[in-house]
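The values are calculated or read from the model by the stated rules, or taken from the named source; none is laboratory data. Everything quoted here is computed from the prediction, not taken from an experiment. When we count neighbours, we look across all protein chains shown, and the Cβ atoms used for this are built from the backbone with ideal geometry, even at glycine. These area figures cover heavy atoms from the full protein model, side chains too; ligands, DNA and RNA do not enter into them. Shrake-Rupley method; radii C 1.70, N 1.55, O 1.52, S 1.80 Å.
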Amino acid sequence: MRLTLPPILLYALRRLVQAVPVIVLIMIGTFLLLKLAPGDTVDALVGDMGGADANFIARLREEYGLDQPVWVQLWRYMAKLATFDFGWSFVYEQPVSTVLLDRIGVTLLLMATSLGIAFTVGVALGAIAARRAYSLTDNLISTLGLVFYATPSFFLSLMMMLLFSVKLGWLPVGGIKSIAAFYTGWDHVVDVALHLVMPTAALSLIYLSFYLRLMRSSVMEVAELDFVRTARAKGAGETRLMFHHIMRNALLPVVTLFGLQFSTVLGGSVVVETIFTLPGLGQLAYQSVVQRDMNTLMGIIFLSSVIVVAVNFLTDLLYARLDSRIELA
């Protein structure tokens, strides 16, 4: 008797097999690029100590394996990575996996909230602008989207911090929680939410403009297709046309953009987390580059690659759900 797997499971297995060499190539390329950069972990440690003699530096490099050829270092690192051993962080004096687990929650919360708001609000405003094309509403929405798109995230973050924290005192200036308050339960949830208001707004407003403009043009294009005219001629109301015919098809390019932009949002979180001192992967990546903590930086890149691959997989599933013509074969 031949065992037949469901199409969705076969698709997931095929994507998993395809993702492995992609992630391996990313890690190898990143490792070699970091080795081309001047300085290493020992240089950073010696700099923090205020200097050291040549013998001590040589012993450190031997202890950390940095005295070996690059290809030997690469082989040793990839062999450890195959067992999900990310190595030891010489800056934080603990395993890299522990450092990443302590930070990933904040970044995922920031990214999920920012992308969720940007996608939902952008799609809604884009649809409204398209249904009122070339009106005052459309011009106002399109202008706001253009302003958000043209404003750098660091400038928007600083202006929000100046207005809502320094001038008005409504929101905390940075961090993820009020450490000295010792909140628990719902008070802790509210405290974290207040700390995330400005970072989420600064990150989401920029990407909101992408979804807004793309959704507007997509709705206007789909509204002129033959199947929409046929449905309208059969007596379908405007509300039914919008939600059952136009929106379903207009969302396809927006969903594609959502999957592609996840990696850019991950990069954009570096700036936002650094400005608002959020203890996430973005700030950790910045500190790792400055302090030449290569193991931690490589761990961040590996984790980011896995997250991006997983999000693109989920995007493909959603794409197939929206368009019945697509089969996950």
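Using the alpha-carbon atoms, what tilt in degrees (0 to 90, nearest 10) does helix 136-150 show relative to the longest principal axis of the chain? The answer is roughly 10 degrees. Against the chain, whose longest principal axis comes from its Cα atoms, helix 247-275 is set at around 30 degrees. Distances between placed amide hydrogens fall under 5 Å for T277 paired with G175, all partners being 5 or more residues away or on another chain. Rolling a 1.4 Å probe over the protein chains gives H245 an accessible area of about 50 Å².
Its alpha carbons considered, the range 132-243 gives a radius of gyration followed by a Dmax of 20.8, 65 Å.
Can you order the peptides 296-307, 124-135, 63-74 by their average number of other Cβ atoms within 10 Å per residue, highest first?
Working: 296-307: 20.8, 124-135: 18.0, 63-74: 13.3.
Per-residue mean Cβ counts within 10 Å order the peptides as 296-307, 124-135, 63-74.
Between E221 and L241, the contour length at 0.36 nm per residue exceeds the Cα-Cα span by 5.8 nm.
What is the packing order of peptides 272-284, 217-229, taking the mean over residues of other C-beta atoms within 10 Å and listing the highest first? All intermediate terms of the calculation are to be shown ahead of the outcome.
Working: 272-284: 23.4, 217-229: 15.2.
Final packing ranking: 272-284, 217-229.
Taking a straight line from the alpha carbon of K80, these lysines sit under 23 Å away, with near neighbours fewer than eight places off in the same chain left out: K35.
Work the Kirkwood hydrodynamic radius out for the range 67-140: mean of 1/r over every pair of different alpha-carbon atoms, inverted, in Å. Before the final figure, lay out the partial values.
Numbers: mean 1/r = 0.0597 Å⁻¹.
Evaluated on the range 67-140, it is 16.8 Å.
For the chain, the Stokes-Einstein estimate of translational diffusion at 4 °C and a viscosity of 1.567 mPa s comes to 56 µm²/s, using the Kirkwood hydrodynamic radius over alpha-carbon pairs. Ignoring lysines fewer than eight residues from K177 along the same chain, the ones with Cα atoms less than 23 angstrom from its Cα are K167.
If R0 equals 41 Å, the separation of the Cβ atoms of T143 and V306 corresponds to a calculated FRET efficiency of about 0.60.
Sequentially through the range 120-129, phi angles give Karplus couplings (6.51, -1.76, 1.60; θ = phi - 60°) of 5, 5, x, 5, 5, 5, x, 5, 5, 5 Hz, Gly and Pro residues having no value and appearing as x.
Whole number please: convex hull volume per residue of the Cα set in the range 1-159, in Å³? Please list the in-between numbers first.
Details: hull volume 37.5 nm³, N = 159.
That works out to 236 Å³ per residue.
Here the simple spin-label model places points 7 Å from the Cα toward Cβ, and for L168 and N55 these points are separated by 6.4 nm. Using Cα atoms only, what is the angle between the long axis of helix 294-322 and the major principal axis of the chain, expressed in degrees (0 to 90) to the nearest 10? Tilt of helix 294-322: around 20 degrees.
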